[in-house]
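Only one structure is covered here, and it is reproduced in the block below.
The values are calculated or read from the model by the stated rules, or taken from the named source; none is laboratory data. Small disclaimer: the values here were computed from a predicted structure and weren't measured. Glycine also receives a Cβ, built like all others from the backbone with ideal geometry; neighbour counts cover every protein chain displayed. Only protein heavy atoms, including side chains, enter the accessible area calculation; ligands, DNA and RNA are left aside. Shrake-Rupley method; radii C 1.70, N 1.55, O 1.52, S 1.80 Å.
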Amino acid sequence: MLIFNGVVHPVDAPVIPNGYVELEDDKIKGVGPMEALPKGCEGPSLDVKGGHIVPGFVDAHCHLGLFGDALKFEGDDGNEATNPCTPHVRAIDGVNPLDHCFQEAREGGVTTVLTGPGSANPISGQGIVIKTLGAWVDQMVLKAPATMKMALGENPKTVYNGRKETPTTRMGTASVIRTELARALEYMDRQDKADTEPGTNAPGYDPRLEALIPVLRGELPVHIHAHRADDIATAVRICREYGLQFVVVHGTEGYRVTELLAAEGVGVITGPILTDRSKPELAGLTIENPARLAKAGVEIAICTDHPVTPIQYLPLCAAVAVRGGLEPEEALRAITLGGARLAGVAHRVGSLTPGKDADVVVTSGHPLEWTGSVEHVFINGIQVK
């Protein structure tokens, strides 16, 4: 497939005012200006007539497929809120790829998502990166597990306060996370001794602690839910104590601690922005947050937190960030390559780079221009719109 005669946004390279993208099977084969258009290209072609050609959009934090569209308890599979620590639960076992919102994601140009557990628990479980095309989740996987979800702030407090169980305070939430990480370290140590010291017994199998071993080894990053500035600081403190690789999710008051985030090299998945201040920890919500973080040198992505903001409005969320001061191409990066980087799949998606997956979106105007439309969408080289 040759997609040509459009404004090409490679994202990892300068915009090409009039260019083409060539696809071969499920990969991007070539990108360039029209004067370098390949001769004798076999297969179909698509003249976009001055439209814009961009990578498939990437939502780096949502719950697509885990909270059913137009359903309540029957479709609520995003929180195993029966124990404060559930690191062993896996999003791959809960995603319903036949949920109607996957179609809306594709039609809106969202081709890749990081979906996973919600924030009811201090340690919530394992997230997964998937494409938005497929009939069963195993054929959609880019990375599984992709993250270990943790959460600070109001959500764990609210869930467990009603039961008079720990945690009911921010101190309690932090202590639960530390305690479980410490238990996992001891578990690892006993396993290592059993492997190296004859006569030493291995610990009894514990699926919760097993799930935390790759986290403590730095092999599985933590995505830690934190809105308020003090919760963000706690996230940094805990992850630094245990040497964890991590990303802050939401970071609503990230603009208040940009120096800390920049110094620690912490990425922030911002959003959702198209929402009201529904709880106290959102009191500092501002559309300027992504711009202020980016200006401070913090790597950002923009998310919908679907179903909080419907998944198809991811480009609109980026447009709102532009209204808040973010440069348009930076905002586009935040829903493509920035999202892919913070989701750990930038080697596969997020930019129009030869060798990456053939996930391409064609829009009638600039992709963040809301009066335009998504005209064509390709996922793995398959035209889905």
Residue within the range 71-93 that is surrounded by 19 or more Cβ atoms within 10 Å (Cβ to Cβ), without any contact (Cβ under 8 Å) to a residue 24 or more places away in the chain and out of contact with any Lys or Arg (no Cβ under 8 Å at 6 or more places or on another chain) present: yes
Arg208 vs. criteria closer than 15 Å to Val266 by Cβ, open to solvent by 10 Å² or more (accessible area, probe 1.4 Å) and more than 19 Å from the chain's Cα centre (by Cα): no
Yes/no for Glu35 being in a helix (DSSP H, G or I) and closer than 25 Å to Ile302 by Cβ: no
Meets criteria (closer than 22 Å to Glu154 by Cα, part of a helix (DSSP H, G or I), in contact with a helix residue (DSSP H, G or I) (Cβ under 6 Å, 6 or more places away or on another chain) and of a type in the set (A, V, I, L, M)) for Val176: no
The range 359-385 - residue that is over 20 Å from Lys49 (Cα atoms) and among the hydrophobic types (A, V, I, L, M, F, W, C) and, of those, least open to solvent (accessible area, probe 1.4 Å): Ile379
Residue that is nearest to Thr173 (Cα to Cα), among those in the range 233-243 that are open to solvent by 10 Å² or more (accessible area, probe 1.4 Å) and not small (Gly, Ala, Ser): Thr234
So Leu326, is it surrounded by 21 or more Cβ atoms within 10 Å (Cβ to Cβ) and under 19 Å from the mean Cα position of the chain (by Cα): no
Ala60 small (Gly, Ala, Ser), part of a helix (DSSP H, G or I), closer than 20 Å to Asn380 by Cα and modelled with pLDDT of 95 or more: no
Evaluation of Asp230 against (1) surrounded by fewer than 23 Cβ atoms within 10 Å (Cβ to Cβ); (2) without any contact (Cβ under 8 Å) to a residue 40 or more places away in the chain (one fails), failing number: (2)
Failed condition for Glu288, given (1) closer than 29 Å to Pro117 by Cβ; (2) open to solvent by 10 Å² or more (accessible area, probe 1.4 Å): (1)
Asp195, sole failed condition from (1) modelled with pLDDT under 95; (2) on the phi > 0 side of the Ramachandran plot: (2)
Condition broken by Gly267, with the remaining ones in (1) more than 27 Å from Val374 (Cα to Cα); (2) open to solvent by 10 Å² or more (accessible area, probe 1.4 Å); (3) not hydroxyl-bearing (Ser, Thr, Tyr) satisfied: (2)
Residues of the range 81-116 classified as small (Gly, Ala, Ser) and assigned to a strand (DSSP E or B), total: 0
Hits in the range 23-42 (condition: more than 34 Å from the chain's Cα centre (by Cα) and of a type in the set (Gly, Ala, Ser)): Ala36, Gly40
Every residue from the range 211-234 that is touching a helix residue (DSSP H, G or I) at 6+ places or on another chain (Cβ under 9 Å) and either of a type in the set (Gly, Ala, Ser) or part of a helix (DSSP H, G or I) (or both): Ala211, Leu212, Ile213, Val215, Leu216, Ala226, Ala229, Asp230, Asp231, Ile232, Ala233, Thr234
From Thr275, Thr252, Thr309, Thr304, residue being open to solvent by 30 Å² or more (accessible area, probe 1.4 Å), on the phi < 0 side of the Ramachandran plot, among the polar types (S, T, N, Q) and not in a helix (DSSP H, G or I): Thr275
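Residues checked against (1) open to solvent by 10 Å² or more (accessible area, probe 1.4 Å); (2) farther than 30 Å from Val159 by Cα:
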{"position": "Glu104", "(1), (2)": "yes, yes"}
{"position": "Glu107", "(1), (2)": "yes, yes"}
{"position": "Val110", "(1), (2)": "no, yes"}
{"position": "Val113", "(1), (2)": "no, no"}
{"position": "Gly118", "(1), (2)": "no, no"}
{"position": "Ile123", "(1), (2)": "no, no"}
{"position": "Gln126", "(1), (2)": "yes, no"}
{"position": "Thr132", "(1), (2)": "no, yes"}
{"position": "Val141", "(1), (2)": "yes, yes"}
Leading residue by the ranking (most open to solvent (accessible area, probe 1.4 Å)) among those in the range 143-171 that are assigned to a helix (DSSP H, G or I) and hydroxyl-bearing (Ser, Thr, Tyr): Thr158
